[in-house]
Amino acid sequence: DGMRDWTIDYTADTVEVTDFGDAGVKQFLATLTGWSGSFNGFGQPGWAGAAAVGTKYLGSFFISASTGSSYTGSVLITGASPGVAVDGAAMVSYTFQGTGAITLS
């Protein structure tokens, strides 16, 4: 609760497969794919976000609150950064690494 925005990044690892027939132009093949991202929200009293780092959760990232459509998958929290500006509310930023498949529902 209190999440304000999120981003998911899909990536693919590559390996170089250039041979003599490629006329000096590098060639690549995609190998493993994965996803990671971040989310930000409002800090809560008694925040214990640092304790979440290294913990695995089932994450749901909603696209539309009215339809309930979302991306869902297991995430490993890799970072937590609390902060506040003199004229703003307390905020918390998290980074995560997706583990396994992600689904759109």
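The values are calculated or read from the model by the stated rules, or taken from the named source; none is laboratory data. None of these values were measured; they are calculated from a predicted model. Ideal geometry is used to build each Cβ from the backbone, glycine not excepted, and the neighbour counts take in all protein chains shown. Accessible surface areas use protein heavy atoms only, side chains included; no ligands, DNA or RNA. Shrake-Rupley method; radii C 1.70, N 1.55, O 1.52, S 1.80 Å.
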Percent accessible area from carbon and sulfur atoms, the chain, protein chains only, probe 1.4 Å: 58 percent
Rounded if a/c under 1.5, otherwise prolate or oblate - the chain, Cα gyration tensor axes: prolate
Euclidean distance between Cα centres, segment 46-104 to segment 1-33, Å: 24 Å
Relative contact order of the chain, defined on C-alpha pairs under 8 angstrom at six or more residues apart (%): 26 percent
Distance (nanometres) between label positions extended 7 Å along Cα→Cβ at A101 and F62: 2.5 nm
Sites F20 and L76, calculated FRET efficiency, Cβ-Cβ separation with R0 41 Å, nearest 0.05: 0.45
Contour minus Cα-Cα distance for T11 and T31 (0.36 nm per residue): 6.2 nm
Hydrodynamic radius (Kirkwood) for segment 51-103, which is based on Cα pairs only, to one decimal in Å: 12.7 Å
Added length on full extension, which subtracts the Cα-Cα distance from 0.36 nm per residue, A52 to R4: 15.5 nm
Probe 1.4 Å, protein heavy atoms only - accessible area per residue of the chain in square angstrom: 67 Å²
Of V15, V53, V84, the one that fluctuates the most in a GNM where the chain has Cα springs shorter than 10 Å: V15
